[in-house]
Each structure stands twice: as structure tokens, then as C-alpha cells.
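A.B. asks: For reference, the structure I am asking about is given below.
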Amino acid sequence: MNDKLDAALRATNVVILSDDKSTGTTFRNVGFRNLEVFRTDLEIAQTAISDEKCDLLVLETIFDEEPTMAIIRSIRQGEYGENIFLPIISLISDTDKKAIGANINAGADDVVIKPLSVKLIHDRIGGFMKRKIRYSVTP
């Protein structure tokens, strides 16, 4: 599985919305090679997300004008491109169960509590890729 996972990581196009400079470095150290990191410009980030080349979105609450949950809901409702099933990992610093639940209820596929480690991200992505998820589309 490791060879397949490593090949998949190298081929995956990741968009990261985070003002933490170490987030992109951590994902690069996991094995991702195609990363776009956005720290402040939500409009440009929205274009990157709606691009058909985005395979995975990693985001933190960093944009004052639109909270993380609103971004996730917009993706799930097809407002940022056509891929409403885009895999989304939400990064949070808060261990509060309400914050975690809010991200999951908004449509995040996984919530990772910071601080990040290479092993943690590698394990979570490996589990992500093994999972078969059934989706229900509702109005």
C-alpha cells in the first residue's frame, strides 16, 4: 500500500488555505508535490478550488470575510465549481467538540486538530484513500 499511497500523494493536486507557513511544508514532507497555498486572497483561492485540477482541499479558519464552514457549504452546494464531492480536510486548533462537529456538519470529510505532524497527516490520508464513502445529495 505504501508505494500506491506515495504515488497517489505525488499525483494529487492540493489547495491549502492556511496562514500558517508550516502547513504547506508539512504536506510537502508527507509526499504531496502539487501544492497551492493561499494565505490571504479568498477570491484567487476560490478560483483554484473550482479548478478541475483540485483533488484535495485543506483549510483553516483564516479568511475573515467567509468562515471555514461557509466555504465548505459553498463547495458542497456547487458554488465553487462542479465537484461537490471534493475531499476536504479542515484544520482546527480548537479541541472543542462543537467546533469539530460544526466542521463535519458543514461537510468536511475529516477534521485534524493542530499541531500537525507528518505521520499524522500521512496516516489520515492513507485512511482517507482506503475509505469508500457513499454520498447523499440533498437540497
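A.B. asks: Do we have any residue at all in segment 74-89 that's within 17 Å of THR26 (Cα to Cα) and either in contact with a strand residue (DSSP E or B) (Cβ under 9 Å, 6 or more places away or on another chain) or open to solvent by less than 40 Å² (accessible area, probe 1.4 Å) (or both)?
C.D. replies: As a first pass, look at segment 74-89 and keep what is within 17 Å of THR26 (Cα to Cα): 88-89.
Now restrict to residues that are either in contact with a strand residue (DSSP E or B) (Cβ under 9 Å, 6 or more places away or on another chain) or open to solvent by less than 40 Å² (accessible area, probe 1.4 Å) (or both): 88-89.
For segment 74-89, residues within 17 Å of THR26 (Cα to Cα) and either in contact with a strand residue (DSSP E or B) (Cβ under 9 Å, 6 or more places away or on another chain) or open to solvent by less than 40 Å² (accessible area, probe 1.4 Å) (or both): present.
A.B. asks: Of everything in segment 79-108, what is in a helix (DSSP H, G or I) and hydrophobic (A, V, I, L, M, F, W, C)? Give them in sequence order. Walk me through how you get there before you give the answer.
C.D. replies: Kept after step one, since they are in a helix (DSSP H, G or I), are these residues of segment 79-108: 97-106.
Residues satisfying the conditions are ALA99, ILE100, ALA102, ILE104, ALA106.
A.B. asks: Filter segment 21-43 down to the residues that are in contact (Cβ under 8 Å) with a residue 40 or more places away in the chain and surrounded by fewer than 17 Cβ atoms within 10 Å (Cβ to Cβ), then identify the one that is nearest to LYS114 (Cα to Cα). Break it down into steps so the answer makes sense when it comes.
C.D. replies: Filtering segment 21-43 for residues in contact (Cβ under 8 Å) with a residue 40 or more places away in the chain gives 22-23, 26-27, 29-31.
Pick out the ones that are also surrounded by fewer than 17 Cβ atoms within 10 Å (Cβ to Cβ) and you get 22, 29.
Values: SER22: 11, ASN29: 16 Å.
Within segment 21-43, the match that is nearest to LYS114 (Cα to Cα) is SER22.
A.B. asks: Considering segment 56-78 alone, what residues qualify as being at pLDDT below 90 and part of a loop (DSSP other than H, G, I, E, B)?
C.D. replies: Listed by number, the residues that qualify are GLU60, THR61, ILE62, PHE63, ASP64, GLU65, GLU66, PRO67.
A.B. asks: Kindly indicate whether THR47 is open to solvent by 70 Å² or more (accessible area, probe 1.4 Å) and at pLDDT 85 or above. Write out each step before concluding.
C.D. replies: On the way: open to solvent by 70 Å² or more (accessible area, probe 1.4 Å): yes; at pLDDT 85 or above: yes.
Yes, satisfied.
A.B. asks: Moving to a separate point now. Given the condition over 13 Å from the mean Cα position of the chain (by Cα) and without any contact (Cβ under 8 Å) to a residue 12 or more places away in the chain, answer yes or no: does some residue in segment 51-59 qualify?
C.D. replies: Filtering segment 51-59 down to residues over 13 Å from the mean Cα position of the chain (by Cα) leaves 51-53.
Narrowing the set further to residues that are without any contact (Cβ under 8 Å) to a residue 12 or more places away in the chain leaves none.
No, that holds for no residue.
The values are calculated or read from the model by the stated rules, or taken from the named source; none is laboratory data. Treat the numbers as computed from the prediction; the structure is a model and nothing was measured. Counting neighbours? That spans all protein chains shown, and the Cβs are built from the backbone with ideal geometry, glycine included. Heavy atoms of the whole protein, side chains included, go into the accessibility calculation; ligands, DNA and RNA do not. Shrake-Rupley method; radii C 1.70, N 1.55, O 1.52, S 1.80 Å.
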